[in-house]
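Inspection log for the structure reproduced underneath, given as C-alpha cells.
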Amino acid sequence: MTVDPDILLSARGLNLSFGAIPALVNVDADLWPGEMLAIVGESGSGKTTLLNVLSGKLRPQSGVVTYRDPAGALHDVHAMPQPALRALHRSDWGFVHQNPRENLRMAVSAGGNVGERLMAQGKRHYGHIREAAIDWLQQVEIDPARVDDLPRTFSGGMLQRLQIARTLVTHPRLVFMDEPTGGLDVSVQARLLDLIRSLVRRLGIAAVLVTHDLAVARLLADRIIVMQRGEVVEAGLTDQVLDDPAHPYTQLLVSSVLQA
Amino acid sequence: MSTMEGYNFAYLDEQTKRMIRRALLKAVAIPGHQIPFGSREMPLPYGWGTGGIQVTAAVLGPQDVLKVIDQGADDTTNAVSIRRFFARTAGVATTTDTAAATLIQTRHRIPEMKLRDDQIIVYQVPQPEPLSRLEPSRAETRRMHALAEYGLMHVKLYEDITRFGHVAISYDYPVMVNGRHLMAPSPIPAFDNPKMHMMPALQLFGAGREKRIYAIPPYTSVVSLDFDDHPFRTTRAPQCCGLCGADNSYLDEIVIDDRGGRLYVCSDTDFCETRRAAGHTGSESPEALAAE
C-alpha cells in the first residue's frame, strides 16, 4: 500500500458487519494534518462504527487503518500493542463523546478533570497543572473561578466545553468527535461550534467529526463523507458535496434539511 | 508449650501452606504486585486479620519467635488472640519484645524500632487495591497496573490539595514500590510510610477477604506519591509521650477523664516500655507524678 507522505490517518478497505447487518462496507478514508473531516449519514448508517474503527476502539473484519506519528513513522492502528494505543489516546489523540458524562469524572473538580491527562503523562507539579487547567477553562469560555467546582454543577453546554478542554490540554494532533453538539439547544450549539472551529483552526488540529446535522458539517468540515448502510456513497469537499450532491441519497439528505 | 492435639502445625494444612508460599514467592519476585490466592476460612471474622494470619501460618517455623501487634500495642484483643492462637496451634515462642521477634504480624502500625534483615513483618490488609475508591472495575484497575497507568491516583492527590491545601490521606497512603507498582501499604499511618523504604526486613501483605497477597523484598525502594511542589510529609501529634517522653514516636490520644483531659502515649507499647525501662520518663509517668 502506498500512502501519501503527508497523510495523517488513512483507512483502506474497511469491512465490519454485526451479524447480518453490514456496518462498514469497503470504506476508505483519508485525513491530512490540520483538516476536519465530517462523516454524515442517517442513524444506523455506520458513522459511529467508522469513528470507533478509525480510533482503534473497534477492530474491523478486514482493512487497515494507518496513522503517521509526529516522527513520520507509520503505524497500523489495529496491530499496535495495547499500551502503545492507550498512550496514543492519552497524548496525541483525543476523543470527544456526545455525552460529556461518559468522558468526565463527575466526582472530580473541573481542574482535576482538565489536569488528568497531564498527570497521566507524568506531570508532577501541582502549580503548573492548575495553571494549565485555568488557562484551558478560559480558552473554552468557562469562568476560571469555577476551577474547583464539580462538573455536576455545570450546565450541559459547559460540560461539553469542559470535555473539550480536558481533551485538548495535551495538544493532540488528532481529535475524534462523536456528535459533539448533540443534545444541546440551538444557541448553545452555535457557541460551541464557533468555539470548536476557532480552537481547531488556531491549534492546527486535525479532526474526524461524526454528525447527522449537515449544518454542523458545513460550518466545521473541510471535507465530508456521506454514508448509507455502511457504504460511502459520496465523498469530497464539503461545499462541493452539499451544493452539488451527485448521489441520490445525498440529494435527499440535502433537500430534507429544514429551512428556518 | 505443646501444640493442640488434632491440628496440623500452625492450624493450616500443608497443601494450603504450600499454595500460600507459592503466592508469596511470586509476590516477592514482583514487588508490590498483587497475587491472587485461595484464601481459606479462618477461625476469626473477616477484617480481624484473616489474610495476615494465613501468611503468618504459611511462613511460621517451630524455631520462630512471634510478636503480634494491633495499632502498635501488644495487649489489645486482636493481638492477644492471634498470639495465643499460634502459641496453641504451633507451639511457637511468643514475645512482645520487637528485638527478640523473628516474625511480627501487625495491624495498622510498623514498630518504631528499626527492623533487621533476619526479621519478617506480616501486614493485615483490608483492601489491597490502592485504586479501589477511584476506579470501581477490578478488570480496569488490573489493566492500569499492567500498563503502569497511575495518573488517576494523582488526580486524587490533586483534588485533596485543591480542597484542603494538602494531601489529606492520613493512613493507607499510596506508595510506588520499586519504581513500578502502585501499592496500598495497608492502613498504617502515613507516618510509618518512610520506614518501608529500603527496610532490611522482608515485608509480606495478606488480604484474606480480597484474596490477595503482595510483598516488598528487603532493601526495596518504597516512595510515597506526591507532587514536586507539594512533597510528601509525615505528621504526628505535636506532644511528647506522657509516659516515656519520646518526641519522635507515633502517639495515641487517650481521653482520661470527663473534663477534656488527654494523655498522649506511644502507640508502640513495646517501644514505650523499653524506653521507660531505660530510665526515660514523661510528664504523666508514675515517677513524675510521685515527684510532684
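Couple of notes before you dig in:
- Residue match in segment A:180-193 (condition: touching a Gly at 6+ places or on another chain (Cβ under 6 Å), not assigned by TED's automatic domain parsing to the domain that holds A:ALA20 and not small (Gly, Ala, Ser)): no
- Close pairs (9 angstrom Cβ cut-off, 6 or more residues apart or separate chains): assigned by TED's automatic domain parsing to the domain that holds B:GLY32 in segment B:133-153, among the aromatic types (Phe, Trp, Tyr) and assigned to a loop (DSSP other than H, G, I, E, B) anywhere: B:MET144/B:TYR150
- Of all the criteria given as (1) within 24 Å of A:ARG86 (Cα to Cα); (2) surrounded by 23 or more Cβ atoms within 10 Å (Cβ to Cβ); (3) touching a Ser or Thr at 6+ places or on another chain (Cβ under 8 Å); (4) touching a residue at least 60 places away in the same chain (Cβ under 8 Å), the one not satisfied by A:LEU14 is (4).
- Test: residue in segment B:265-274 that is part of a strand (DSSP E or B) and under 17 Å from the mean Cα position of the chain (by Cα): yes
- Looking across segment A:141-156 at every residue that is in a helix (DSSP H, G or I) and not basic (Lys, Arg), the one that is farthest from B:GLU159 (Cα to Cα) is identified as A:GLY156.
- Residue in segment B:48-62 that is farther than 17 Å from B:ILE120 by Cα, in a strand (DSSP E or B) and assigned by TED's automatic domain parsing to the domain that holds B:ILE120 present: no
- Within segment A:233-260, restricting attention to residues that are outside any loop (DSSP other than H, G, I, E, B) and touching a Gly at 6+ places or on another chain (Cβ under 9 Å), the residue that is farthest from A:ALA190 (Cα to Cα) is A:VAL233.
- In segment A:185-197, the residues that are under 22 Å from A:GLY34 (Cα atoms) form Cβ pairs under 8 Å with partners that are assigned to a helix (DSSP H, G or I) and of a type in the set (D, E, K, R), at six or more places apart or across chains, as follows: A:LEU192/A:ARG161; A:LEU195/A:ARG161.
- Taken together, the residues in segment A:52-79 that are surrounded by 15 or more Cβ atoms within 10 Å (Cβ to Cβ) and among the small types (Gly, Ala, Ser) amount to 3.
- 3 or more residues buried (at least 21 other Cβ atoms within 10 Å of the Cβ) and away from chain A (no Cβ under 14 Å): qualifying strands (runs of 3 or more DSSP E) within segment B:165-258: B:202-207, B:212-216
- Residues of segment A:186-226 classified as assigned to a loop (DSSP other than H, G, I, E, B) and within 17 Å of A:GLY46 (Cα to Cα), total: 3
- Within segment B:195-211, residues that are under 17 Å from B:THR106 (Cα atoms) reach partners that are crowded, with 18+ Cβ neighbours inside 10 Å and aromatic (Phe, Trp, Tyr) with beta carbons closer than 6 Å, at six or more positions or on different chains, in the pairs B:PHE205/B:TYR123; B:PHE205/B:TYR214.
- Restricting segment A:186-202 to residues that are touching a Lys or Arg at 6+ places or on another chain (Cβ under 9 Å) and under 25 Å from A:GLU116 (Cα atoms), the residue that is surrounded by the fewest Cβ atoms within 10 Å (Cβ to Cβ): A:LEU195
- Inter-residue pairs, beta-carbon under 6 Å, first modelled with pLDDT of 95 or more and in segment B:27-45, second in a loop (DSSP other than H, G, I, E, B) and of a type in the set (Ser, Thr, Tyr), 6+ apart: B:PRO31/B:THR220
- Within segment B:68-102, if we keep just the residues that are touching a residue at least 40 places away in the same chain (Cβ under 8 Å) and of a type in the set (D, E, K, R), the residue that is nearest to B:SER186 (Cα to Cα) turns out to be B:ASP74.
- Within the set A:VAL108, A:VAL96, the sole residue that is buried (at least 19 other Cβ atoms within 10 Å of the Cβ) and under 15 Å from B:GLU159 (Cβ atoms) turns out to be A:VAL108.
- Count of segment A:121-143 residues which are more than 9 Å from chain B (Cβ to nearest Cβ) and either among the polar types (S, T, N, Q) or in contact (Cβ under 8 Å) with a residue 40 or more places away in the chain (or both): 4
- Residue match in segment A:162-185 (condition: surrounded by fewer than 16 Cβ atoms within 10 Å (Cβ to Cβ), in a helix (DSSP H, G or I) and of a type in the set (S, T, N, Q)): no
- Residue in segment B:23-33 that is more than 20 Å from the chain's Cα centre (by Cα), within 26 Å of B:VAL177 (Cα to Cα) and not basic (Lys, Arg) present: yes
- Of A:SER43, A:SER10, A:SER62, all but one fail to be under 30 Å from A:VAL257 (Cα atoms) and either modelled with pLDDT under 95 or assigned by TED's automatic domain parsing to the domain that holds A:GLU234 (or both); the exception is A:SER43.
- Taken over segment B:78-93, the criterion of being of a type in the set (Gly, Ala, Ser), in a helix (DSSP H, G or I) and buried (at least 21 other Cβ atoms within 10 Å of the Cβ) is satisfied by B:ALA79 alone.
- Residues of segment B:139-164 that are under 25 Å from A:ASP148 (Cβ atoms), not in a loop (DSSP other than H, G, I, E, B) and not basic (Lys, Arg): B:GLY151, B:LEU152, B:MET153, B:HIS154, B:VAL155, B:LEU157, B:TYR158, B:GLU159, B:ASP160, B:ILE161, B:THR162, B:PHE164.
The values are calculated or read from the model by the stated rules, or taken from the named source; none is laboratory data. In this text, all values refer to a predicted model and were calculated from it rather than measured experimentally. As a convention, Cβ positions derive from the backbone with ideal geometry for all residues, glycine included, and neighbour counts pool all protein chains shown.
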